[in-house]
1. Please specify each residue of the stretch 39-56 satisfying the condition of being without any contact (Cβ under 8 Å) to a residue 24 or more places away in the chain and closer than 17 Å to ILE69 by Cα.
2. Which pairs turn up if I take residues in the stretch 132-159 that are exposed (fewer than 14 other Cβ atoms within 10 Å of the Cβ) and look for partners that are outside any strand (DSSP E or B) and at pLDDT below 85 with beta carbon separation below 7 Å, at least 6 apart in sequence or on another chain?
3. Give the number of residues within the stretch 50-82 that are surrounded by 19 or more Cβ atoms within 10 Å (Cβ to Cβ) and in contact with a strand residue (DSSP E or B) (Cβ under 8 Å, 6 or more places away or on another chain).
4. Right, THR118: hydroxyl-bearing (Ser, Thr, Tyr) and over 22 Å from THR161 (Cβ atoms) or not?
5. Could you list, ordered by first residue, the pairs with Cβ atoms under 9 Å in which the first is in the stretch 77-90 and on the phi > 0 side of the Ramachandran plot and the second is at pLDDT below 95, at least 6 apart or interchain?
6. Could you check the stretch 83-99 and list, in sequence order, the residues that are among the polar types (S, T, N, Q) and surrounded by 12 or more Cβ atoms within 10 Å (Cβ to Cβ)?
7. How many residues are modelled with pLDDT under 85 and within 28 Å of ASP94 (Cβ to Cβ) if we restrict to the stretch 135-170?
8. Taking the stretch 33-49, which residues are modelled with pLDDT of 90 or more and surrounded by fewer than 12 Cβ atoms within 10 Å (Cβ to Cβ)?
Amino acid sequence: MTRRSALALTTLLSGCGYHVGGKSDLLPKTIQTIAIPPINNLTVRYKLADRLAGALTREFIARTKYQIITDPSQADAVLTGTILNFTSFPTIFDPATGRAAGVQIQVNLQLTLSERATSKVLFTRPNYDFRERYEVSVDPGQYFEESDQALERLSRDVARTVLSSILSAF
């Protein structure tokens, strides 16, 4: 292979369209601010909506260039959400006591990101399911309530997944 052929091949291959994943931003360039108002909660699970909104806000601030604000009337886009369902059920039982040793929580969400000025829907998921598991000590003397930590992990997972879905338009 001649030097000229090698140079041509290198030039051709360098323009193949390869780019680092996770760096695309498919939202309109007019979007500079996003409001994340409180999430509606149709369940009886206390503070779950606050955790989810907080996790979404932190994730947007950490991973994007958008300014996150609280007032939807001042934002370019608004991310609205509703917690449709929350369930918690045992998955593992201690054979000696019959008590639950593992629990799974499941949250069903409805999310929509809309451009405020035009009401154009930029992203929507009408039925988004998330799950998290945690263990329960079978020894009452060693019992430590783990459900709050599981909800925190679930909130972070929701935020990461939602943001990745919005930015990559999946």
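1. ASP50
2. Every condition considered, the pairs that remain are TYR143/SER137; PHE144/SER137.
3. To start, the set of residues in the stretch 50-82 that are surrounded by 19 or more Cβ atoms within 10 Å (Cβ to Cβ) comprises 51-53, 55-56, 59-60, 75, 77-79, 81.
Adding the requirement that they be in contact with a strand residue (DSSP E or B) (Cβ under 8 Å, 6 or more places away or on another chain) leaves 52-53, 56, 60, 75, 77-79, 81.
Adding up the residues that qualify gives 9.
4. Details: hydroxyl-bearing (Ser, Thr, Tyr): yes; over 22 Å from THR161 (Cβ atoms): yes.
Yes; evaluated as a whole, the condition is true for this residue.
5. none
6. If we filter the stretch 83-99 for residues that are among the polar types (S, T, N, Q), which is where we start, we get 85, 87-88, 91, 97.
If the condition is that a residue be among the polar types (S, T, N, Q) and surrounded by 12 or more Cβ atoms within 10 Å (Cβ to Cβ), then ASN85, THR87, SER88, THR91 are the ones that fit.
7. Number satisfying all stated conditions: 14.
8. Initially, the stretch 33-49 is screened for residues modelled with pLDDT of 90 or more, giving 33-44, 48-49.
Result: VAL44, single match.
The values are calculated or read from the model by the stated rules, or taken from the named source; none is laboratory data. Computed from a predicted model, the values in this text were never measured in an experiment. Reconstructed Cβ throughout: ideal geometry from the backbone, glycine too, with neighbour counts over all protein chains shown.
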